[in-house]
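Visitor: I have a structure here, written as structure tokens, and I will follow up with some questions on it.
The values are calculated or read from the model by the stated rules, or taken from the named source; none is laboratory data. If you're wondering where the values come from, they're calculated on a predicted model, not measured in any experiment. Neighbour counts are summed over all protein chains in view; Cβ atoms, including those assigned to glycine, are modelled from backbone coordinates with ideal geometry.
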Amino acid sequence: MYIFLVLLLLGFAFNLASAFTAAFCRRLGERLGSALSVILRDILGIPVWAIGFVLAIRAPSPVLVEPTAVTKGLGWFMVSAGGLIILVALATIRLRAAAPSTRDALAQSGIYAVVRHPIHTGTLIEFMGLLLLKPMRTTALACLLGLVWVLVQTKLEETDLLQRLPAYREYMKKVPRYLPRF
């Protein structure tokens, strides 16, 4: 029944390990180091934790609150908005999202001029939307673990980006992490 936890944690661990591109490239060379990051994130990380989320949502579990038409509508809006944010961010950074390397250029335009981690922002919004759509204990646990994972992933990625992209330090001072300044 709780196989979803194993898959979530395993997928999150692979994803966290993918944030060491600079170290992998130093140790293994640019090509192998970048390839290792791709395997850890795109082949082992994201698909495994995504399956874990699907299993968490589908698992029999006590309902925390009864969903209403309003919460379901808001949930679908948040899942869609989070997905749109992620798609816009991926379109902006293109191949750098799938295959990071030490030769990457810093993305500072489009959505990246507004927030440093729009993919993480979109993911967090999607997690909140999923919880509104399926307010069950297993979904809440998956979303809580997802929140912790995103926060740790962001820290690790920023450490890696500071090593790979010297201009990232100045960018951090100008652009907020998750939410735009109003």
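Visitor: When both residues are 6+ apart or on different chains and their Cβ atoms are under 6 Å apart, which pairs have a first residue that lies in region 70-93 and is at pLDDT below 95 and surrounded by fewer than 20 Cβ atoms within 10 Å (Cβ to Cβ), and a second that is part of a helix (DSSP H, G or I) and of a type in the set (A, V, I, L, M)?
Guide: As it stands, the answer is L90/A97; T92/I111, since those pairs meet every condition given.
Visitor: Hey, another quick one. Quick check on my filter: what residues within region 146-177 are closer than 15 Å to F20 by Cβ and β-branched (V, I, T)?
Guide: V152, T154, T159 - these are the residues of region 146-177 that are closer than 15 Å to F20 by Cβ and β-branched (V, I, T).
Visitor: While we're looking at this one, here's another question. Can you work out which of the residues in region 100-136 that are under 15 Å from the mean Cα position of the chain (by Cα) and outside any helix (DSSP H, G or I) is surrounded by the most Cβ atoms within 10 Å (Cβ to Cβ)?
Guide: Ranking the candidates gives P100 first.
Visitor: For region 137-182, enumerate the residues that are among the charged types (D, E, K, R), within 19 Å of the chain's Cα centre (by Cα) and over 15 Å from Q108 (Cα atoms).
Guide: K155, E157, D160
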